[in-house]
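Working notes for the structure below.
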Amino acid sequence: HSYLQSLEKALEDGELDFFIQPQISSENRHVAGGELLIRWIPPKGEMIQPSQFVDYLEHGEFGKTFLNWSINRSAEILVRLKEELGDFVPISLNVASSYFSEELLVQPLVKCMSNYDIPFENLEIEITERVLAENPKEVMRTLSHLREKGFPAAIDDFGTGYSSLSYLRKFPLDRLKIDRVFVTNLAENEEDRLIAVAIASLAHVLGLEIVAEGVETNTQGSFLKNIGCEYFQGYLTGKPMSVDDFISFYRQNE
Ligand code: G
Ligand code: G
Ligand code: MN
Ligand code: NA
């Protein structure tokens, strides 16, 4: 019995589900949305973090099955948020490079969101900077299709992936997520502060909004707000939590 088989069974048995990590507006601290992060919750025992199985989500047949499940589950979550909170709350979905195509990603997204009657602007697609650098042509095509349809796109883990600036300028993106390696030591490390400032000005020149990841303290938060980061995502704003907990969290922060 391989790990992959256990994972396939876990998906069938409903043991995989999304948690949501809130993103707040740096301006008024309201919940602006959240990132979907997958969790394996076995009926007995500890929750399993995605680092244990993320490779399987990003390759082969299971990756395809998982992506289709993810799209459908995102739609169900959006509908649930609307029912509970009175309106859609935008969420973001991580998509692996192997599936970043019009056929595997954009068409199923359009079909599913249309079936559920969800305006496409409510589901943002996150792609890591690494992927963008690896396969710029295909990524560019897929991003253009997403933009055409009205799905927002974000570049994730920014600062860790060596993307060329000439490419970055041409990609139809909406938001840039500063990787948490530049956020963690902001208070102590002058070099990290300078890098954060440089990334923020680059993002704004490119017309991208900024999400700072891994924000844990108010000191980091005020620095990031001052350099123009529009959104925070990190333990300061909330850990990844179940959809039920996210709904309560949202209500408390209204
Ligand atoms: O909390 P955290 O351990 O959730 O997530 C670790 C990493 O796993 C994330 O940075 C992300 O890259 C990846 N990840 C989490 N959820 C998903 C998902 O639904 N799909 C894909 N492809 N990757 C995910
Ligand atoms: O998609 P991405 O690789 O950015 O996923 C975010 C990862 O970072 C998840 O594993 C999540 O649990 C983790 N994370 C989110 N907020 C914080 C934080 O404030 N501090 C730390 N150390 N990790 C965080
Ligand atoms: Mn992400
Ligand atoms: Na990230």
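The values are calculated or read from the model by the stated rules, or taken from the named source; none is laboratory data. Keep in mind it's a predicted model, so treat the numbers as computed, not measured. Every residue, glycine among them, receives a Cβ derived from its backbone with ideal geometry; neighbour counts consider all protein chains shown.
Below are the figures for this structure:
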quantity: Matching residues in segment 1-20 - criterion: being within 15 Å of ligand 2 (Cβ to nearest atom) and either surrounded by 21 or more Cβ atoms within 10 Å (Cβ to Cβ) or of a type in the set (A, V, I, L, M) (or both); calculated: 18, 20
quantity: Candidate set: segment 241-254, residues that are at pLDDT below 95 and assigned to a loop (DSSP other than H, G, I, E, B); chosen: the one nearest to ligand 2 (Cβ to nearest atom); calculated: 253
quantity: Residue match in segment 50-71 (condition: in a loop (DSSP other than H, G, I, E, B) and among the aliphatic types (A, V, I, L, M)); calculated: no
quantity: Qualifying residue in segment 68-76 (condition: surrounded by fewer than 16 Cβ atoms within 10 Å (Cβ to Cβ), acidic (Asp, Glu), more than 16 Å from ligand 4 (Cβ to nearest atom) and closer than 23 Å to residue 251 by Cα); calculated: yes
quantity: Which listed residue, of 221, 228, 238, is more than 18 Å from the chain's Cα centre (by Cα), part of a loop (DSSP other than H, G, I, E, B) and under 21 Å from residue 183 (Cβ atoms); calculated: 228
quantity: Residue 168 being surrounded by 15 or more Cβ atoms within 10 Å (Cβ to Cβ), away from ligand 3 (no atom under 16 Å from the Cβ), of a type in the set (A, V, I, L, M, F, W, C) and modelled with pLDDT under 90; calculated: yes
quantity: Identity of the residue in segment 171-196, assigned to a helix (DSSP H, G or I), of a type in the set (A, V, I, L, M, F, W, C) and surrounded by fewer than 16 Cβ atoms within 10 Å (Cβ to Cβ), that ends up nearest to ligand 2 (Cβ to nearest atom); calculated: 181
quantity: Test: residue in segment 33-43 that is away from ligand 1 (no atom under 13 Å from the Cβ) and either assigned to a helix (DSSP H, G or I) or closer than 21 Å to residue 154 by Cα (or both); calculated: yes
